[in-house]
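Reading through the structure tokens given below for one structure.
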Amino acid sequence: MCGIIGYVGGGPVAERLVEGLEVLEYRGYDSAGVAFDLDGSLEVRRVVGPVAQLSEVAGGSRGASGGLGHTRWATHGAVTTENAHPLTSCAGELAVVLNGIVENFSSLRAELEADGHRFASETDAEVVAHLAEDAYAGDLVAAVAAIVPRLRGHFAFAVYHRDEPGRLVATRRACPLVLGRGEEGSYLASMSAAFSSRVEELIYVEDNEIADLRGGEVRLHGLGGEPIDRPGEEPGADLVSDRGAHPSFMAKEIAEQPAAIRGTLSGMLDSHGGPIDCGLPSALFDAEQIVIAACGTAYHAALYGAYLLEEWAQLPCRVEIASEWRYRTKRLAPGTLAIFVSQSGETADTLQAQAHAAALGARTLAISNVGESQLVRQSDAALLTKAGFEIGVAATKTFTAQVVALAALALHFASRRGALSEEQASAYGQELRRLPMLFEKFLEADHPVFEIADRISEQQFFLYLGRGYGLPIALEGALKLKEISYIPTDAYAAGEMKHGPIALLSEDTPVVCVATASPTYEKLVSNILEVRARGASVIAVASDGDEEMQHHADEVIFVPKASCELGPLLCVPALQLLALRVAERRGLNVDRPRNLAKTVTVE
Ligand code: BG6
């Protein structure tokens, strides 16, 4: 998934584009590029690598009246300068930047090559430049309107033509595109944070609409050319993209979890832990069963949330991988509430799953950290986590915020369904409200995580185990290690381990166990002894005061004690810090792990 940006106006064009690309870079950092008009022709500057490298070569746009920019997460074609955007037409008179995938690019390319077009890249996106070149007859809006119906897939793209300096035209289908109107000119981008500090008004583009930007003017048209009038919205708070004294955004965002939990709960529970109106329609609580779909880290949060919805609200609840569920499910039982969890609210697999659920007649609820996101805008209702903007590609504070949002939602359901007594509900509510203090207690404590990480950072394989509520936490801990250290790592329900994965163990394999107090604590101890019998080295994350675990595990990381339901959540910062330290020891960029992007807007 990539980030696109465009600017027309009187400001320093290349600077404005690079400034926006720096914000968009978490969306993909394989290569970056800009194009702008200069002395009647188009200047294109591209680099393989981070935006910082691009800013070194993007100067000299004085006199330009507009341009485009792009940061790439490669899907079609290797990471090369030739495959970097902006991509141009045969004669270089127009340039294109695109986020998403043109699914029918190879048939279009064959047609265009048969007509004599010469392609310079292996990308799917370049077909748009050549189609626009063919369709262009002096009006860029007409050209774009002519080519959109020929394209299959999900995308957002913008086009800039040498012969219409100061005019930008763009469109979208499922991938995000927002416009900005400002005193110094107008912008378009994949997300408003790329330019919000420079505009007074935002305009969101819907599917198959064409945006036409000239100077400070911003217009929307339908594919038939009909004008579309859409009221503008005020830009949100500026992004804080400063990591302060922390060595990385990931380290900063791990430390911000107490505030993320506090902020998220403040809109859902009162200071005594009692449910407060969080703006959800009451009909939503008539649900008879729930399905939750998500991807990556959000899927692990959904798993935890489902266990709480079943236990506290006595509601049947299943969790699905969005990209699988979307194509497998043909019908939903009446009374199904479909919940979609996504920090960005832009993940294509989750968006498509939401659209599918809505088409099957389900009521849909989005849980997201981005209020302006597509998922929030296309769902029936939304719960916003208040974790603040997350820049580190590996999700941390948004995971914890998602779990506590689902936990508070479970309490809302429980109290409406009378599934928990008032005392029980208030006890859990108060415990949720105490979580920020317990997270702070661990984060400020003198824990052994770094010392343990330093000792095991050269290991070549890790196994994570958990039971019950500990399983989603073990899965998430393992994912963090995989994402940022690239070490082959597996995670299993501890009871399942002996039915196969135990074969992976060898002398000293580090086995990380989520071992807080739980009804299956003794079963977990047996599993720990099973892996130790194979020579593996067990690192247990256990509740404060659990001296027994010191007899069973090789190392113990103690975390503040909590109930069986919420205890495993206290293990999260320990597992995040373990992964962080191992990756740091290996000299890796923890904020920009290889091959990953913060949000994937392609299926
Ligand atoms: C991946 C990210 O691209 O998407 C993960 O690298 C994330 O960190 C996953 O968990 C899902 O993203 P979202 O925005 O839908 O929660």
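Got at least one residue in region 477-484 being of a type outside the set (D, E, K, R), over 22 Å from V559 (Cβ atoms) and open to solvent by less than 10 Å² (accessible area, probe 1.4 Å)? Break it down into steps so the answer makes sense when it comes.
From region 477-484, those of a type outside the set (D, E, K, R) are 477-479, 481, 484; that's our starting set.
Checking the rest, the ones that are also over 22 Å from V559 (Cβ atoms) come to none.
Scanning region 477-484, I find no residue that is of a type outside the set (D, E, K, R), over 22 Å from V559 (Cβ atoms) and open to solvent by less than 10 Å² (accessible area, probe 1.4 Å), so the answer is no.
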**Request:** Mind telling me which of the residues L351, L420 ends up being modelled with pLDDT under 95, farther than 30 Å from P510 by Cα and either part of a helix (DSSP H, G or I) or more than 27 Å from the chain's Cα centre (by Cα) (or both)?
**Result:** L420
**Request:** State the number of residues belonging to region 556-603 that are crowded, with 20+ Cβ neighbours inside 10 Å and of a type in the set (K, R).
**Result:** 3
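Among the listed residues G33, G10, G40, which satisfies the condition of being surrounded by fewer than 19 Cβ atoms within 10 Å (Cβ to Cβ), assigned by TED's automatic domain parsing to the domain that holds G182 and closer than 17 Å to L168 by Cβ? Show your work before the answer.
On the way: G33 fails: surrounded by fewer than 19 Cβ atoms within 10 Å (Cβ to Cβ); G40 fails: closer than 17 Å to L168 by Cβ.
Just one listed residue meets the conditions, G10.
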**Fill in**
Of the residues in region 65-88 that are within 15 Å of A129 (Cα to Cα) and part of a loop (DSSP other than H, G, I, E, B), the one that is most open to solvent (accessible area, probe 1.4 Å) is E82
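Give E234, E200, E183 a once-over and let me know the one that is surrounded by fewer than 15 Cβ atoms within 10 Å (Cβ to Cβ) and either among the aromatic types (F, W, Y) or outside the structural domain of G20 (by TED's automatic domain parsing) (or both).
Working: E200 fails: either among the aromatic types (F, W, Y) or outside the structural domain of G20 (by TED's automatic domain parsing) (or both); E183 fails: either among the aromatic types (F, W, Y) or outside the structural domain of G20 (by TED's automatic domain parsing) (or both).
On inspection, the qualifying residue turns out to be E234.
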**Fill in**
A405 meets each of (1) within 16 Å of the ligand (Cβ to nearest atom); (2) more than 20 Å from V291 (Cβ to Cβ); (3) in contact (Cβ under 8 Å) with a residue 60 or more places away in the chain with one exception, condition (2)
**Complete:** Checked region 76-98 for anything in contact with a Gly (Cβ under 7 Å, 6 or more places away or on another chain) and at pLDDT below 95; matches are none
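Residues are listed down the side, and each one gets a yes or a no for (1) basic (K, R); (2) open to solvent by 10 Å² or more (accessible area, probe 1.4 Å); (3) away from the ligand (no atom under 16 Å from the Cβ); (4) modelled with pLDDT under 95:
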| residue | (1), (2), (3), (4) |
| --- | --- |
| Q257 | no, no, no, no |
| G267 | no, yes, yes, yes |
| H272 | no, yes, yes, yes |
| Y304 | no, no, no, no |
| R318 | yes, yes, yes, no |
**Message:** Scan region 325-343 and tell me whether some residue there is charged (D, E, K, R), more than 15 Å from the ligand (Cβ to nearest atom) and assigned to a helix (DSSP H, G or I).
**Reply:** yes
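Select from region 280-297 the residues that are part of a helix (DSSP H, G or I) and out of contact with any helix residue (DSSP H, G or I) (no Cβ under 6 Å at 6 or more places or on another chain) and write down the one among them that is nearest to the ligand (Cβ to nearest atom).
If we filter region 280-297 for residues that are part of a helix (DSSP H, G or I), which is where we start, we get 282-286, 296-297.
Okay, now just the ones that are also out of contact with any helix residue (DSSP H, G or I) (no Cβ under 6 Å at 6 or more places or on another chain), so 282-284, 286, 296.
Values: S282: 27, A283: 26, L284: 21, D286: 27, G296: 3 Å.
Among those that are part of a helix (DSSP H, G or I) and out of contact with any helix residue (DSSP H, G or I) (no Cβ under 6 Å at 6 or more places or on another chain), it is G296.
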**Request:** Could you tell me whether any residue of region 458-472 is assigned by TED's automatic domain parsing to the domain that holds L575, within 16 Å of the ligand (Cβ to nearest atom) and under 17 Å from V572 (Cβ atoms)?
**Result:** yes
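Go through region 373-394 and give me each residue that's part of a loop (DSSP other than H, G, I, E, B) and either over 14 Å from the mean Cα position of the chain (by Cα) or among the aliphatic types (A, V, I, L, M) (or both). Steps first, answer last, please.
Let us first name the residues in region 373-394 that are part of a loop (DSSP other than H, G, I, E, B), namely 373, 379-380, 385-394.
Result: S379, D380, K386, A387, I391, V393, A394.
Residue-wise test of (1) assigned to a helix (DSSP H, G or I); (2) under 19 Å from Y29 (Cα atoms); (3) of a type outside the set (F, W, Y).
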{"position": "C90", "(1), (2), (3)": "no, no, yes"}
{"position": "L108", "(1), (2), (3)": "yes, no, yes"}
{"position": "R118", "(1), (2), (3)": "no, no, yes"}
{"position": "D124", "(1), (2), (3)": "no, yes, yes"}
{"position": "A129", "(1), (2), (3)": "yes, no, yes"}
{"position": "E133", "(1), (2), (3)": "yes, no, yes"}
{"position": "G138", "(1), (2), (3)": "no, no, yes"}
{"position": "V141", "(1), (2), (3)": "yes, no, yes"}
**Prompt:** Are there any pairs, at least 6 apart or on different chains, whose C-beta atoms fall under 6 Å, with the first in region 481-500 and farther than 24 Å from P573 by Cα and the second surrounded by fewer than 21 Cβ atoms within 10 Å (Cβ to Cβ) and modelled with pLDDT of 95 or more, and if so, which?
**Reply:** K498/E530
**Message:** Yes or no: region 355-374 includes at least one residue that is of a type in the set (G, A, S), within 15 Å of the ligand (Cβ to nearest atom), open to solvent by 30 Å² or more (accessible area, probe 1.4 Å) and modelled with pLDDT of 95 or more.
**Reply:** yes
**Item:** Restricting region 506-518 to residues that are out of contact with any Ser or Thr (no Cβ under 8 Å at 6 or more places or on another chain) and at pLDDT below 95, the residue that is surrounded by the fewest Cβ atoms within 10 Å (Cβ to Cβ)
**Value:** E507
**Message:** Yes or no: region 490-497 includes at least one residue that is part of a helix (DSSP H, G or I) and under 27 Å from S266 (Cα atoms).
**Reply:** no
**Fill in**
Reported set for region 38-87 where residues are of a type in the set (K, R) and under 22 Å from the mean Cα position of the chain (by Cα) is R72
**Request:** Could you give me the residue pairs with C-beta distances under 8 Å whose first residue belongs to region 148-168 and is assigned to a loop (DSSP other than H, G, I, E, B), whose second residue is open to solvent by 10 Å² or more (accessible area, probe 1.4 Å) and of a type in the set (D, E) wherever it lies, and which are 6+ apart or on separate chains?
**Result:** R152/E103; R162/D37; R162/E93; D163/E93; P165/D37; G166/D37
**Request:** State yes or no: is S537 open to solvent by less than 10 Å² (accessible area, probe 1.4 Å) and out of contact with any Gly (no Cβ under 8 Å at 6 or more places or on another chain)?
**Result:** no
**Prompt:** Which one is modelled with the lowest pLDDT, of the residues in region 4-59 that are part of a loop (DSSP other than H, G, I, E, B) and at negative phi?
**Reply:** G59
**Request:** Any residue in region 375-401 that's farther than 26 Å from A355 by Cβ and away from the ligand (no atom under 12 Å from the Cβ): show its pairings with residues that are open to solvent by less than 30 Å² (accessible area, probe 1.4 Å) and basic (K, R) at Cβ separation under 8 Å, as long as the two are six or more apart or on different chains.
**Result:** G388/K397
**Message:** Can you tell me which residue is surrounded by the most Cβ atoms within 10 Å (Cβ to Cβ) among those in region 112-134 that are of a type in the set (A, V, I, L, M, F, W, C) and farther than 17 Å from A211 by Cβ?
**Reply:** A129
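The values are calculated or read from the model by the stated rules, or taken from the named source; none is laboratory data. Just so it is clear, the model here is predicted, and its values are computed rather than measured. All Cβ positions, even for glycine, are placed from backbone atoms using ideal geometry, and neighbour counts span all protein chains on display. Quick note on the areas: whole protein, heavy atoms, side chains included, nothing else; ligands and nucleic acids left out. Shrake-Rupley method; radii C 1.70, N 1.55, O 1.52, S 1.80 Å.
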